[in-house]
1. Pairs only if they're at least six apart or on different chains, beta carbon under 6 angstrom, first in the range 21-45 and among the aromatic types (Phe, Trp, Tyr), second modelled with pLDDT under 95; list them, first residue then second.
2. When residues of the range 40-81 are filtered for being exposed (fewer than 12 other Cβ atoms within 10 Å of the Cβ), over 24 Å from PHE114 (Cα atoms) and touching a helix residue (DSSP H, G or I) at 6+ places or on another chain (Cβ under 9 Å), how many remain?
3. Which one of these is out of contact with any Phe, Trp or Tyr (no Cβ under 9 Å at 6 or more places or on another chain), not basic (Lys, Arg) and not in a loop (DSSP other than H, G, I, E, B): GLN110, GLN79, GLN45?
4. Going by the structure shown, is GLU89 more than 13 Å from the chain's Cα centre (by Cα), loosely packed, with under 15 Cβ neighbours inside 10 Å and modelled with pLDDT of 95 or more?
Amino acid sequence: MRALGFTILLLGSCTVMAADSNGNYAIWGSGNKSCHSYNLARTAQDDNKFRDYTMGYLTAYNHQMTETYSISRDMNLEQVLSWLDDLCELKPIISFDEALVSFIAEHLEQRMKFPPGGFRR
């Protein structure tokens with residue numbers, strides 16, 4: 001049931017996933033930065049903080065959501081970052097957190113629900 005509520009919130013608004021009763025939640029680290037900051041870091045090849053944030057964010061999502069083994073399916077980190085590059089180029093004012101929420105919303109239906117080989121706990 002929690003996953004259904006999260007999914008409804010996620011699909012209903014790309015800026016709010018789940019949070020307090022007003023839709024607010026604390027964003028730590030690079031998620032607080034703008035896509036413009038991400039673009040500059042990528043250009044300067046100084047994007048390790050964004051890489052780490054992305055891996056942690058997607059890992060946390062995979063861990064917390066039911067029927068989700070991998071939200072990015074078979075995409076590797078470079079492919080995820082390339083997707084974020086495209087979005088952040090178009091929308092440099094949005095937060096990096098919002099860019100990741102958009103990634104999740106766009107990839108939700110294609111997510112990998114179980115590990116390769118079908119192993120289920």
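The values are calculated or read from the model by the stated rules, or taken from the named source; none is laboratory data. Every value quoted in this text rests on a predicted model; they were computed, and no experiment measured them. Neighbour counts are summed over all protein chains in view; Cβ atoms, including those assigned to glycine, are modelled from backbone coordinates with ideal geometry.
1. TYR25/ALA19
2. 2
3. On the way: GLN110 fails: not in a loop (DSSP other than H, G, I, E, B); GLN45 fails: not in a loop (DSSP other than H, G, I, E, B).
When all the criteria are applied, what remains is GLN79.
4. Details: more than 13 Å from the chain's Cα centre (by Cα): yes; loosely packed, with under 15 Cβ neighbours inside 10 Å: yes; modelled with pLDDT of 95 or more: yes.
Yes.
Quick grid of which residues meet (1) under 25 Å from TYR25 (Cα atoms); (2) out of contact with any Leu (no Cβ under 9 Å at 6 or more places or on another chain); (3) among the hydroxyl-bearing types (Ser, Thr, Tyr):
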residue	(1), (2), (3)
MET55	yes, no, no
HIS63	yes, yes, no
TYR69	yes, yes, yes
ASP74	no, yes, no
LEU81	yes, yes, no
